[in-house]
Every structure is written in structure tokens, then in C-alpha cells.
Amino acid sequence: MSKIMVPLGPQHPALEEPESFNLLLEGERVAASQVCIGYNHRGMEKAAESRTYLQNVYLLERICGICSHSHSTCYVQTVEDLAGVEVPQRALYIRALIGELERIHSHMLWLGIAGHEIGFMTLFMYAWKDREIVMDILEMLTGNRINYGMNTLGGVRRDVTPEMADKIREAVGQLQERTEYYSRVILGEETVYLRLSGVGKLSKADALRFDTTGPVLRASGVGRDVRRDDPNGIYPNLDFQVITDDHEDVYGRTVVRVKELLESYKIIRQILDQLPDGPLTVKVPNRIPAGECISRYEAPRGEDIHYTRSNGTDKPDRVKVRAPTLANSAAIAHMLDGGYLADVPIVIAAIDPCFSCTDRMVRVTDANSGQAQSMDWESLRRYSAQWYRKQGMDFSRIPLR
Amino acid sequence: MENEVLQKIAERFPSVAAEQAVVKHHRIYLSVPNELLVEALSFCYEELNFRHLCTITGLDNGKEYELLYHISKDDGLLLTLKRTAPYQEPVVIPTVLSIYQGATFYERELEGLLGIKVEGLPEGRQYPLPDNWPQGEYPLRKSWKPKQAGGAGQEASV
Amino acid sequence: MKVVDKLITWARCKSPWIVHFNSGACNACDIEVLCALTPRYDVERFGMVQKGSPRHADVLVCSGPVSLQQRERLVTVYEQMPEPKFVMAVGTCACSGGVFDGCYCIEGGVDQAIPVDMYVPGCPARPEAIIDGVVKLLSKLEASEDGK
């Protein structure tokens, strides 16, 4: 059978970011694939060297709009450690609260995107509608829907009042009810199971071999979570479960994310109950003593790592960021190989890629004639939905309320 | 926990100055002789269960290049093994892909941003710099400065 | 202006099709653009539809500063759009480069690469602001003599 090379990306309408994949096709199956990233490289690590520690909080927060709080928390942890300051407990609790709210917003967003990629548009609209509940809470707490600007060196910038806490409790109740409903639809509905199981297989051994992280790793049966293994802030005081699943495929990744949402609600309730009184910030000097520090944080997509080296001045000598998507990128090619072209969108979406963190497009080339035909994400997604509808997987038949 | 790991490394590699290591809660920063690095990583992977490569940091400290291999194990311990590379061109280091298969992008980043040649890394598109980036320009080197302050950068802005 | 031209302008104002392009953004503006399509904001009530191909679109919605790698692709996408075409820069970074100004891999705002008709500032720009931007763009189109 002749082989066709399909280039995919980087202009990419259904999702948010630029990336590009070269897929070598044998009929309907992907024989080989290549991931090309770097479209979003902005040179922030170099820019961080010429800005002060405080300026960097706001620069690094904009590494990624979805996990902005993760990046800024991870960074301020390194600086606080280098400066040797102890952050007030209340500030740590508020950081964790925003962190968990961010996880909810990110997982909800993913759930919607996943629905969109498999042609289950109702799920997309439902999930994004409910996501607005958490966006309202984040806006109430921080003043902005995304890029919260909540962290500062030595603490947080805004307080949580008892009235706000009541509103958060109410919102979490609503979200819990909706998530339980999704969990019934997704986990109980056969169409969803048939569509997602066996897609984008990544065995436990491979997940470890490629150093994957976050829900991708946990869906392959490895219970690794920085919040439990190497906890920072107040996580040791909280009672929660690290969700794992043994499906080792896209279905597993969906199960993990939905269950993680429920865990996050639990965490938020505990945070609100335990929230201690006290100051919000502690003074951090402008000049940070020379040294080095590495910090880890469980972002919605996995383990986020920041390394900071200081040289005694008010600017860092080196800031290194390892975003979770970069760790998962190496495994994408492996997950695509041997699968169907129609599964490409959902497999890529299932790692919840965030290439602005890491630094996305699809093109199709005939290996025999060398002819290239461009396929954009939208047409591939539509192709995918139609291909599966022919196989009898029609999401429009699922009864929804 | 931290000291136990350090002791095991010191026993296996007597030439490693384990007493100079910086030890903090769940963190160890340890310098190893350049030629021993791959062997040390292999030992940590096989014997000490450091199965996860967090990332590789490459930096220019003004005197030489430093390469930091951050590896972790499931109990939360994060070990940083450091090696150096002199300014002498060409800077060549061996790959760690045989031990940690997730290292591809991290090593490619070293090649792209610091100009350190990683021997044994399979051919691939440069990462993360753009395709039209000029040869021989490595932004993370301290000697490299963007052409105009506040502007676009090097000649690459076509 | 001929009756036919009037009819075309009228039709165009009733259903502007947009295509979204990320030229190096942090995702924040991108999800807000997507948010505008979802039930709370629902831009489709204005006849706006997000299209996958630039060849079907009237409005190019750009987010993020222009990275060196994406510049050429942005220009290609812009060139593929049929006339008359409009460009909206969404977010502070797309307007001026924002917080990334001075980074070596950033060229600056979207206007450094292609002509921009509408600037929507904000970090990120709120969905309301994005919708307002498109509506203002439409009134500009409606007021124009020949549709451009």
C-alpha cells in the first residue's frame, strides 16, 4: 500500500496553539509520526535574566494562560527558598485554593475540548458553560479571569473574605453536582467508552520510559503526584487521593481527569475549613543571596519544574522552566503510531497539550510521489467525527438532560 | 533519606566529592566529575531507583557551562547531578538517552540554546529556535546579547 | 454603490466568519476567544462562526505577540484570506508585544507583520471585549463606502 505523509498544523483552529505533526500514513493507519514544536518559543528564560525577581513573577505567569498560577507559584517557591523567608500559612492556603480552582478550570476546559475532538459537541458546550462558574469565582477572588496575578514574592496579593468563602462553597456544590452528572455520562455511556478505549495506548512501562507526567502517567497506572510525593505549601495537611486508572488509554485519561475534579472539590472544602488567620505577605529582600533552588508543583497537566540560580543581585542568573507538556511530548509520537488517522486529534488532545508552556498544525505527504496535501485541524476533526459515525458511534443519540 | 543516597553514591564512586554536596529537605545538589556523569546516572537509575528524569538544565555561569541533570524517585527525593563543560569549541557531551528515553527534547534544547553538541542524539529538527535562526547564535550564552535592547533580537528578524 | 454591492455588504455584516490564529500567545486570549463561542457569550447569535480555514473567513483574530517562527505562517494565513479582510489583535501582547517586548524571539505586536484593523487590549481580553471588538469592526464595515 502506498504511504502518504500528512502534515498537520501549525495553524490550528479548534484548539488554541500552534504545533505541527508529520504523519506517515499507510491507508488509515499512522505508520510513523514526528512532532515539531517550537512555534511558541518566545525566549522567556533569557528575558528573565534581565528582569528583577518581582518582575519575573508576572513574566513567568504568562508562560501559559491556563496554568498561570502553577508557573508563578513554582517560581516564587524557588525565590522564597533562596531568600530563606517563611511564607505565612494563610498565604499558602490561598495559593493552594487558587491552584485547585485552576485545576478545575483546566480539567473542565479539557473535558470540553475532548468532547469537541470526538464530535460530542453537547459535552463541549455543557463543560464550558459550567466552567464559567469557576471562572466567576476566580474573577471574584483575583480580579481577573485568567493570569490572576495572585502570587507575589513572600505571599499573596489578595485576601479571601468569609463572604467569598461562602460563595466558593456554593459554587463547588454546583460544580460537584455537574461533575457527577458528567461522570455518569462519560463513564456509564457505552458510546463514549467504545470511542475512547484502546485509543492512544500507552502502557505503564512506556509511560515510565518516556518520563511522562500528570494525568497521562496516572492513567497508565502510576500514582505519581507531586502534591503527595514531594508536597509543598499546605498539601501535607490535606486529605486527598491520587487518582490512577489502569486503562492506559484516552478513556483512562478521561476517567482520571473527571475523578481529579471531584478530589479538587474535596480539597477546596478542606482549605476553606482550615483557612487560618494571619498576614498575607512577608517581606522579601530585593537582592536574593547567591544559591540555587529547584521547585516542583503539580500543575493540571503534570509536574511543573522551575530552577532558579541567584548570584546575589536583584536579578536571577538563570531561570529554567520545564513545563509538563514537554515531558509528555516525547510520548505523543509513540501513542500515535499504529493508530488510525481519525484518532489523531483526540490522542493529541488527551495529553492536554499546552505548547505555549512548552513552546502546534497537521500536513499529509505521499511518500511515493512526495506530494503533500495540507490538512487543517478542523477538517481532520470533522473527518474523524464522520469516520466514527460510519462505525456507528453517534454522540447525537446519547440522551442528555 | 538524603544522606543515605549520598552515602551510596560516595561508596560506588570514591572520586565524587560527596561532602561538598548541598543537602536540603528532599533535595541533593551534587557535582560529579565529567567523565563519570553517565555512569553515575546509570547507577542512580538502576540501583537507587531514580527512574524519572525531571529535566536537564544547561547554564552559562560566566566561566564555563554547567549541566544539571535533575532526577527524582517516587519518595519525593530530587537529586541534581552537575557536570561542567569548558568554553572550548566545540563543546561536546554524551547523550543520556540510553538511560532516560524522555531526554530527547531536553538535550535538543541544550543544542539549540547553548550550542552544546550532544553526541548520540538522533537527527531531528532544531528546538526550540525558529527555522530561520542564524547558525552559531546561542541565546543562553552569557556573551550573547540581543542586537537592540527592547527590539526583536538578532539578525534573524527578516 | 450598486445594489449588488449593498447587498453583499449587508450580508457580510450579518455573518462575519472568523478564523483564529495564535502567533505565539500564552493561551489565555485563545481560551477567551473560544469562550466567546460557548453558551454564556454565544457569539453565534450575531452570525459569527469560527471557521477552520482562512479561505472561508472575513476576520482574522490574532492573539499573542508574533514569534519569529510564526511570522511567516501568520503572513501566509493572512494572504490566503479573501478580500475584504479584517484583522483583530486580541490581547495586550497582540497589540504591542506586552510583557514579552524585548524577548529575542519576539518581533512585537501583530501590526509588525500584517495590517491590523482593531485592537482589543487586556491581559487576557475578556470575551465581552472581544465581542465588542467584532461588533465595532462590523459598524466600520457597514459605514464604509465600498465595503473596505
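So residue A:161 fits all but one of (1) farther than 30 Å from residue A:285 by Cα; (2) open to solvent by 10 Å² or more (accessible area, probe 1.4 Å); what number is the exception?
(1) is the only condition that residue A:161 fails.
How many residues does segment C:78-100 contain that are within 13 Å of another protein chain (Cβ to nearest Cβ), of a type in the set (Val, Ile, Thr) and within 14 Å of the chain's Cα centre (by Cα)?
Result for segment C:78-100: 2.
Among the residues of segment B:95-111, are any assigned to a strand (DSSP E or B), at pLDDT 90 or above and either over 13 Å from the mean Cα position of the chain (by Cα) or more than 9 Å from chain A (Cβ to nearest Cβ) (or both)? Reasoning before the result, please.
Here is the first cut: in segment B:95-111, the residues assigned to a strand (DSSP E or B) are none.
No, the conditions are met nowhere in segment B:95-111.
Restricting attention to segment A:37-62, which residues are closer than 10 Å to residue C:100 by Cα, in a loop (DSSP other than H, G, I, E, B) and more than 8 Å from chain B (Cβ to nearest Cβ)?
A:42, A:62
Being in the same structural domain as residue A:328 (by TED's automatic domain parsing) and touching a His at 6+ places or on another chain (Cβ under 6 Å) narrows it down to one of A:246, A:225, A:239, A:230, so name that one. Write out each step before concluding.
Details: A:246 fails: touching a His at 6+ places or on another chain (Cβ under 6 Å); A:225 fails: touching a His at 6+ places or on another chain (Cβ under 6 Å); A:239 fails: touching a His at 6+ places or on another chain (Cβ under 6 Å).
Answer to the check: A:230.
Given the options A:350, A:333, A:372, name the one that is under 30 Å from residue A:390 (Cβ atoms), modelled with pLDDT under 90, under 23 Å from the mean Cα position of the chain (by Cα) and surrounded by fewer than 24 Cβ atoms within 10 Å (Cβ to Cβ). Spell out the reasoning first.
On the way: A:350 fails: surrounded by fewer than 24 Cβ atoms within 10 Å (Cβ to Cβ); A:372 fails: under 23 Å from the mean Cα position of the chain (by Cα).
The conditions single out A:333.
Of all residues in segment B:59-94, which are away from chain A (no Cβ under 12 Å), assigned to a strand (DSSP E or B) and hydroxyl-bearing (Ser, Thr, Tyr)?
If the condition is that a residue be away from chain A (no Cβ under 12 Å), assigned to a strand (DSSP E or B) and hydroxyl-bearing (Ser, Thr, Tyr), then B:84 is the only one that fits.
Just the residues that are within 21 Å of residue A:229 (Cα to Cα), exposed (fewer than 12 other Cβ atoms within 10 Å of the Cβ) and among the charged types (D, E, K, R), please, taken from segment B:1-26.
If the condition is that a residue be within 21 Å of residue A:229 (Cα to Cα), exposed (fewer than 12 other Cβ atoms within 10 Å of the Cβ) and among the charged types (D, E, K, R), then B:4 is the only one that fits.
List the number of the failed condition for residue A:293; all other conditions in (1) crowded, with 23+ Cβ neighbours inside 10 Å; (2) within 13 Å of another protein chain (Cβ to nearest Cβ) hold.
Checking residue A:293 against (1) crowded, with 23+ Cβ neighbours inside 10 Å; (2) within 13 Å of another protein chain (Cβ to nearest Cβ), the one that fails is (1).
Select the strands (runs of 3 or more DSSP E) contained entirely in segment C:8-117, then report the ones holding at least 1 residues which are within 18 Å of residue A:146 (Cα to Cα).
Numbers: elements: C:17-22, C:59-63, C:86-90, C:106-108.
Of the strands (runs of 3 or more DSSP E) lying wholly inside segment C:8-117, those with at least 1 residues that are within 18 Å of residue A:146 (Cα to Cα) span C:17-22, C:59-63, C:86-90.
For residue C:24, indicate whether it is under 30 Å from residue A:102 (Cβ atoms) and either in contact with a helix residue (DSSP H, G or I) (Cβ under 8 Å, 6 or more places away or on another chain) or of a type in the set (Lys, Arg) (or both). Working first, answer last.
Working: under 30 Å from residue A:102 (Cβ atoms): yes; either in contact with a helix residue (DSSP H, G or I) (Cβ under 8 Å, 6 or more places away or on another chain) or of a type in the set (Lys, Arg) (or both): yes.
Taking the combined requirement at face value, the residue satisfies it.
Write out, first by first residue and then by second, each pair whose Cβ atoms fall under 8 Å of each other, whose residues are 6+ apart or on separate chains, and whose first residue, in segment A:158-173, is under 18 Å from residue A:266 (Cβ atoms) while the second is part of a helix (DSSP H, G or I) and not hydrophobic (A, V, I, L, M, F, W, C).
These pairs meet every condition: A:169/A:269; A:171/A:136; A:172/A:265; A:172/A:269.
Scan segment A:279-292 and tell me whether some residue there is closer than 23 Å to residue A:71 by Cα, in the same structural domain as residue A:137 (by TED's automatic domain parsing) and in contact with a His (Cβ under 9 Å, 6 or more places away or on another chain).
No.
Here's the yes/no breakdown for (1) under 24 Å from residue A:241 (Cβ atoms); (2) in a helix (DSSP H, G or I); (3) open to solvent by 50 Å² or more (accessible area, probe 1.4 Å); (4) hydrophobic (A, V, I, L, M, F, W, C):
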| position | (1), (2), (3), (4) |
| --- | --- |
| A:85 | no, no, no, yes |
| A:93 | yes, yes, no, no |
| A:112 | no, yes, no, no |
| A:123 | no, yes, no, yes |
| A:129 | no, yes, yes, no |
| A:148 | no, no, no, no |
| A:169 | yes, yes, yes, no |
| A:184 | yes, yes, yes, no |
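When segment A:192-225 is examined, which residues are found to be part of a helix (DSSP H, G or I), more than 14 Å from chain B (Cβ to nearest Cβ) and open to solvent by 30 Å² or more (accessible area, probe 1.4 Å)?
Looking only at segment A:192-225, we keep the residues that are part of a helix (DSSP H, G or I), and these are A:192-196, A:204-209, A:215-218.
Narrowing the set further to residues that are more than 14 Å from chain B (Cβ to nearest Cβ) leaves A:192-196, A:215.
Residues satisfying the conditions are A:193, A:194.
Please verify whether residue C:39 is touching a Gly at 6+ places or on another chain (Cβ under 8 Å), open to solvent by 10 Å² or more (accessible area, probe 1.4 Å), farther than 23 Å from residue C:99 by Cα and not acidic (Asp, Glu), treating the condition exactly as stated.
Working: touching a Gly at 6+ places or on another chain (Cβ under 8 Å): no; open to solvent by 10 Å² or more (accessible area, probe 1.4 Å): yes; farther than 23 Å from residue C:99 by Cα: yes; not acidic (Asp, Glu): yes.
Judged against the criteria, residue C:39 is not a match.
Scan segment C:55-76 residue by residue and report those that are in contact with a helix residue (DSSP H, G or I) (Cβ under 9 Å, 6 or more places away or on another chain), open to solvent by 10 Å² or more (accessible area, probe 1.4 Å) and not acidic (Asp, Glu).
C:55, C:71, C:76
Would you pick out the residues in segment B:44-57 that are open to solvent by 30 Å² or more (accessible area, probe 1.4 Å) and either within 14 Å of residue B:10 (Cβ to Cβ) or out of contact with any Phe, Trp or Tyr (no Cβ under 8 Å at 6 or more places or on another chain) (or both)?
First, pick out the residues of segment B:44-57 that are open to solvent by 30 Å² or more (accessible area, probe 1.4 Å): B:45-47, B:49, B:51.
Correct list: B:46, B:47, B:49.
The values are calculated or read from the model by the stated rules, or taken from the named source; none is laboratory data. Fair warning: this is a prediction, and the values are worked out from it, not measured in the lab. Note: ideal-geometry Cβ built from the backbone for every residue, glycine included; neighbour counts use all protein chains shown. SASA here: full protein model, heavy atoms, side chains in, ligands and nucleic acids out. Shrake-Rupley method; radii C 1.70, N 1.55, O 1.52, S 1.80 Å.
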